[in-house]
1. Quick one: in the range 64-107, which of the residues that are open to solvent by less than 70 Å² (accessible area, probe 1.4 Å) and of a type in the set (Val, Ile, Thr) is nearest to the chain's Cα centre (by Cα)?
2. Output the residues belonging to the range 159-187 that are in contact with a Pro (Cβ under 8 Å, 6 or more places away or on another chain) and not acidic (Asp, Glu).
3. Looking at (1) modelled with pLDDT under 90; (2) among the small types (Gly, Ala, Ser); (3) in contact with a strand residue (DSSP E or B) (Cβ under 7 Å, 6 or more places away or on another chain); (4) not in a loop (DSSP other than H, G, I, E, B), find the lone condition where GLY34 falls short.
4. Of all residues in the range 25-54, how many are more than 15 Å from PRO72 (Cα to Cα) and either within 13 Å of the chain's Cα centre (by Cα) or surrounded by 21 or more Cβ atoms within 10 Å (Cβ to Cβ) (or both)?
5. I'm checking my understanding of the structure. Among residues of the range 10-24 that are assigned to a loop (DSSP other than H, G, I, E, B) and in contact with a Phe, Trp or Tyr (Cβ under 9 Å, 6 or more places away or on another chain), which one is least open to solvent (accessible area, probe 1.4 Å)?
6. If you check GLN110, GLN120, which single one turns out to be touching a residue at least 12 places away in the same chain (Cβ under 8 Å) and loosely packed, with under 15 Cβ neighbours inside 10 Å?
7. Among residues belonging to the range 147-185 that are β-branched (Val, Ile, Thr) and touching a residue at least 60 places away in the same chain (Cβ under 8 Å), point out the one that is most open to solvent (accessible area, probe 1.4 Å).
8. Could you please give the count of residues in the range 66-82 that are in contact with a Gly (Cβ under 9 Å, 6 or more places away or on another chain) and in a strand (DSSP E or B)?
Amino acid sequence: MTDGEPIAVRDDSELNVPEPELALVLNRHGETVGYLVADDVSSRSIEGENPLYLPQAKIYAGSAAVSSAIVPAWEIDAPDALDITMAVWRDGEAAYRASTSTAAFHRTPQGLVDHLWRSQPFPDGAVLSTGTGIVPALDFTLHAGDMVEISIEGVGTLRNPVRAHQADLDWLVEAINHPLTRRAHRGGFPE
């Protein structure tokens, strides 16, 4: 998914949260060539049942979105000191707001790249999400109709409406062969 396209929560999860992340666009040599804003949606109730269920909690239709434009690496002076903000809009009001900085992360973006490249080649390069510094409390969950807005200083803003049924994303299969199908599924934003 990209800016304006819907993200989804799993039908079988009662607790679902957005996770704002800086994403690094890496070439085949592990060099950062650009940056994106990412949302790595998580089904916390599935993940909480058993750590082995992490793939099911993280990988499903609509579970991730990235901004539509790559910001070249040379435009970001300090990727390890970028402000990140997130708001979840519900019925025209902020249901959740939080902020952090990549400076608060345990590992630097380059440290994550070094770790990823230790034992695995990526001949086509990779997009690496840094992980989140914003995790809503257990009393918050995404609802159908919410709008998630994530901004990262110098990188951009990503906005995605939330859908609550996987069937609402069946059009993704058609979009593989007909990319313009995506336009019909981009949502509006709150004023």
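1. VAL66
2. Looking only at the range 159-187, we keep the residues that are in contact with a Pro (Cβ under 8 Å, 6 or more places away or on another chain), and these are 160-163, 168-169, 185, 187.
Of everything in the range 159-187, those that are in contact with a Pro (Cβ under 8 Å, 6 or more places away or on another chain) and not acidic (Asp, Glu) turn out to be ASN160, PRO161, VAL162, ARG163, LEU169, HIS185, GLY187.
3. The single condition GLY34 does not satisfy is (1).
4. Total meeting the criteria: 7.
5. Quick first cut of the range 10-24, residues assigned to a loop (DSSP other than H, G, I, E, B) only: 10-15, 18-19.
Restricting the remaining residues to those that are in contact with a Phe, Trp or Tyr (Cβ under 9 Å, 6 or more places away or on another chain) gives 10, 15, 18.
Values: ARG10: 49, LEU15: 32, PRO18: 0 Å².
If we take residues in the range 10-24 being assigned to a loop (DSSP other than H, G, I, E, B) and in contact with a Phe, Trp or Tyr (Cβ under 9 Å, 6 or more places away or on another chain), then PRO18 is least open to solvent (accessible area, probe 1.4 Å).
6. Working: GLN120 fails: touching a residue at least 12 places away in the same chain (Cβ under 8 Å).
Of GLN110, GLN120, the one residue that is touching a residue at least 12 places away in the same chain (Cβ under 8 Å) and loosely packed, with under 15 Cβ neighbours inside 10 Å is GLN110.
7. From the range 147-185, those β-branched (Val, Ile, Thr) are 148, 150, 152, 155, 157, 162, 173, 176, 181; that's our starting set.
Right, trim to touching a residue at least 60 places away in the same chain (Cβ under 8 Å) and you get 148, 150, 152, 155, 157, 162.
Details: VAL148: 1, ILE150: 1, ILE152: 5, VAL155: 14, THR157: 48, VAL162: 1 Å².
Step by step, filter the range 147-185, then rank; the result is THR157.
8. Matching residues across the range 66-82 total 2.
The values are calculated or read from the model by the stated rules, or taken from the named source; none is laboratory data. The model shown is predicted, which means the values in this text are computed figures rather than measured ones. Note that each Cβ is placed from the backbone with ideal geometry, even for glycine, and that neighbours are counted across all protein chains shown. Keep in mind that these areas ignore ligands, DNA and RNA; they rest on the heavy atoms of the full protein, side chains included. Shrake-Rupley method; radii C 1.70, N 1.55, O 1.52, S 1.80 Å.
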